[in-house]
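I have placed the structure first, in the form of structure tokens, so that the comments after it can refer back to it.
The values are calculated or read from the model by the stated rules, or taken from the named source; none is laboratory data. None of these values were measured; they are calculated from a predicted model. Cβ placement follows ideal geometry from the backbone for every residue including glycine, while neighbour counts extend to all protein chains displayed.
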Amino acid sequence: MGRLSAGIWAGQDGLQSLQPLSAQGIWQSIFEAAAEPAEPPERMALDSTHVKAHRCAGGGKGGASEQAIGITKGGRNSKIHGLVDKLCRPWVLILTPGNTADCTVGPACVSLLDGIAELLGDKAYDSNSFRKSLRKDGIKPVIPGRSNRKKRIRHDKQAYKDRNVIERCYCRLKDFRRIATRYDKLARNYFSALCLVAAVAFWFSRARFPLFGITWRACRHPDDDGKP
């Protein structure tokens, strides 16, 4: 049993090579170096997904909020926000605490990608300020209005059906255990794993690699100074 235990720990230690690379931002640099300039699709889908934080993910430096962990009805969670094209490929990924409202991160996601003509989003992004900013940038919002609105907001129902691509993207990402449940104390390590999985699952398997606009804004509000 002693030898078996030692062998197991050695295998686990070998996986920690992700951490020093994360601290140096190597994964983001690899994405930028491997990518070829390309225009993003005009229609993008915007949404978020919760990730359960395991007990061992607690205790990171600066506290839970600084490490993109927030308390929700379902417990401690992190939240992944993303922009996805019609082929389910993620172009933008942002990591925040799980109790961060979607409509507050939406503008940050859109600002990281140029060329969007139409944005598909659910009712979580139904805010007057977000709609106004989209129209100001020449982007058509395909977002249904909340049920408590006094004035009904019309949207393109046919185009809205294509929003399922982002749900399928998140389902594929969560096929990987390290993404489906967060075990990392540090947000940068979890985000690096997310970048790696997204690249392998959606980009590196293709002959061409369009501009992969991934960034990390863990534990930062979109209105902050933008420093990671």
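Can you tell me which residue is modelled with the highest pLDDT among those in the range 92-109 that are buried (at least 22 other Cβ atoms within 10 Å of the Cβ) and under 17 Å from K136 (Cβ atoms)?
G106
Please enumerate the residues belonging to the range 99-119 that are more than 12 Å from L46 (Cα to Cα) and in a helix (DSSP H, G or I).
If the condition is that a residue be more than 12 Å from L46 (Cα to Cα) and in a helix (DSSP H, G or I), then T104, S111 are the ones that fit.
Six or more apart or on different chains, Cβ under 8 Å: which pairs go from a residue in the range 93-110 that's closer than 19 Å to R76 by Cβ to one that's among the aliphatic types (A, V, I, L, M) and in a strand (DSSP E or B)? Could you list them?
Listed by first residue and then by second, the contacts come to I94/I80; L95/I80; G98/V51; G98/A53; G98/I71; N99/I71; V105/I94.
Among the residues of the range 120-131, is any free of Cβ contacts under 8 Å to residues at least 40 places away in the same chain, in a loop (DSSP other than H, G, I, E, B) and not basic (K, R)? Can you show your working first?
Taking the range 120-131 as the starting set, the residues that turn out to be free of Cβ contacts under 8 Å to residues at least 40 places away in the same chain are 123, 126-131.
Next cut, in a loop (DSSP other than H, G, I, E, B) only: 126-127.
Narrowing further to those that are not basic (K, R): 126-127.
Yes, the range 120-131 contains at least one residue that is free of Cβ contacts under 8 Å to residues at least 40 places away in the same chain, in a loop (DSSP other than H, G, I, E, B) and not basic (K, R).
Among the residues that make up the range 165-188, is at least one of them modelled with pLDDT of 95 or more, farther than 30 Å from G60 by Cβ and surrounded by 14 or more Cβ atoms within 10 Å (Cβ to Cβ)?
Yes, the range 165-188 has at least one match.
Working only within the range 132-152, note down all residues that are among the basic types (K, R) and either in a helix (DSSP H, G or I) or within 25 Å of the chain's Cα centre (by Cα) (or both). Even if it seems obvious, please write down each step before you answer.
In the first step, residues of the range 132-152 are kept if they are among the basic types (K, R); the result is 132, 135-136, 140, 146, 149-152.
Of everything in the range 132-152, those that are among the basic types (K, R) and either in a helix (DSSP H, G or I) or within 25 Å of the chain's Cα centre (by Cα) (or both) turn out to be K132, R135, K136, K140, R146.
Identify, from the list H155, H81, the residue that is assigned to a strand (DSSP E or B) and either in contact with a strand residue (DSSP E or B) (Cβ under 8 Å, 6 or more places away or on another chain) or under 27 Å from E66 (Cα atoms) (or both).
Working: H155 fails: assigned to a strand (DSSP E or B).
The unique qualifying residue is H81.
Considering only residues of the range 32-48 that are surrounded by fewer than 20 Cβ atoms within 10 Å (Cβ to Cβ) and at pLDDT 85 or above, which is farthest from the chain's Cα centre (by Cα)?
Residue satisfying both the conditions and the ranking: E42.
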